[in-house]
1. Criterion first (at pLDDT below 95, of a type outside the set (Asp, Glu), open to solvent by 40 Å² or more (accessible area, probe 1.4 Å) and within 24 Å of Leu140 (Cα to Cα)) does Gln114 satisfy it?
2. Would you say Ser160 is open to solvent by 80 Å² or more (accessible area, probe 1.4 Å), out of contact with any Pro (no Cβ under 6 Å at 6 or more places or on another chain), under 30 Å from Glu65 (Cα atoms) and modelled with pLDDT under 85?
3. Considering only the stretch 98-113, how many residues are in contact with a strand residue (DSSP E or B) (Cβ under 9 Å, 6 or more places away or on another chain) and either polar (S, T, N, Q) or part of a strand (DSSP E or B) (or both)?
4. Please go through the stretch 55-91 and pick out each residue that is outside any helix (DSSP H, G or I), over 20 Å from Ile182 (Cα atoms), open to solvent by less than 30 Å² (accessible area, probe 1.4 Å) and at pLDDT 95 or above.
5. Anything in the stretch 59-100 that is farther than 26 Å from Gln114 by Cβ, polar (S, T, N, Q) and over 17 Å from the mean Cα position of the chain (by Cα)? List them, or say none.
6. Here is a list of conditions, (1) open to solvent by 30 Å² or more (accessible area, probe 1.4 Å); (2) farther than 21 Å from Tyr125 by Cα; (3) part of a helix (DSSP H, G or I); (4) not basic (Lys, Arg), and Cys42 meets all of them except one; can you say which number that is?
7. Out of the stretch 118-141, which residues are open to solvent by less than 40 Å² (accessible area, probe 1.4 Å), modelled with pLDDT of 95 or more and more than 12 Å from the chain's Cα centre (by Cα)?
8. When Ala190 is evaluated against the numbered criteria (1) over 23 Å from Ile33 (Cβ atoms); (2) at pLDDT below 90; (3) in contact with a strand residue (DSSP E or B) (Cβ under 7 Å, 6 or more places away or on another chain), which criterion, by number, is the only one it fails?
Amino acid sequence: MSEAYIKIDNQRTQATIQTGNATFLLADIQSPINIGQILRTCQAYRHPLVYVYDPRRVFEGHPKEVHDFSCGAIDRLKLERVNDLSDFLDSYPGRKIATYLHKDSIPLGQFEFQQHDLILFGNEYTGLDERIVNLCNEQLVINLPSGQMPKSPSNSPIDSGVSFIKSEGTPCLNVAASAAIIAYQLYDGACCRI
């Protein structure tokens, strides 16, 4: 690794710390693969604390998959279990940001993050429950080209009991991809301010 690269990386790391290190909250994510990939992203972009609302007990039911897809990041992050999501959000001292596929959400490119933001990512099929979104201060969306993109039936669905997707046909990203894009935006925005 070149000295110049190390210098840039150190600046970015310091900048991320200076932003208050926004925290992610995983709310009812069902896929251990998605969970693992998000945890790996959190470690890579220096988000050492992740809150987890896991009513389906995915962490307990699929520990090897979560571990493998996090590439061990699960062992290096601090995970805090959230038992009652509404109570937690009521008591959280920072701004709460819902990732929410809605026409009134603020596009990521126009969004201004603040110190100690808590960014919520919802379930792969249903997103965040509307009552949870209502407890948040802001709504954030990653804009995509408009159009219809119905999801083809899956050969190996995350939840074989689900026959619908809340945003059926609306272009949207996988939750792990969304988390990675937002993590990068936080990182890149912090670098621009140093």
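1. Working: at pLDDT below 95: yes; of a type outside the set (Asp, Glu): yes; open to solvent by 40 Å² or more (accessible area, probe 1.4 Å): yes; within 24 Å of Leu140 (Cα to Cα): yes.
Judged against the criteria, Gln114 is a match.
2. Against the criterion (open to solvent by 80 Å² or more (accessible area, probe 1.4 Å), out of contact with any Pro (no Cβ under 6 Å at 6 or more places or on another chain), under 30 Å from Glu65 (Cα atoms) and modelled with pLDDT under 85), Ser160 qualifies.
3. Summing the residues that are in contact with a strand residue (DSSP E or B) (Cβ under 9 Å, 6 or more places away or on another chain) and either polar (S, T, N, Q) or part of a strand (DSSP E or B) (or both) in the stretch 98-113 gives 5.
4. Once the filter is applied, which keeps residues that are outside any helix (DSSP H, G or I), over 20 Å from Ile182 (Cα atoms), open to solvent by less than 30 Å² (accessible area, probe 1.4 Å) and at pLDDT 95 or above, the stretch 55-91 yields only Val82.
5. Asn83
6. Looking at each condition in turn, Cys42 falls short on (1).
7. Correct list: Ile132, Val133, Cys136.
8. (3)
The values are calculated or read from the model by the stated rules, or taken from the named source; none is laboratory data. Computed from a predicted model, the values in this text were never measured in an experiment. Note that each Cβ is placed from the backbone with ideal geometry, even for glycine, and that neighbours are counted across all protein chains shown. Areas reflect the complete protein model, heavy atoms only, side chains present, ligands, DNA and RNA absent. Shrake-Rupley method; radii C 1.70, N 1.55, O 1.52, S 1.80 Å.
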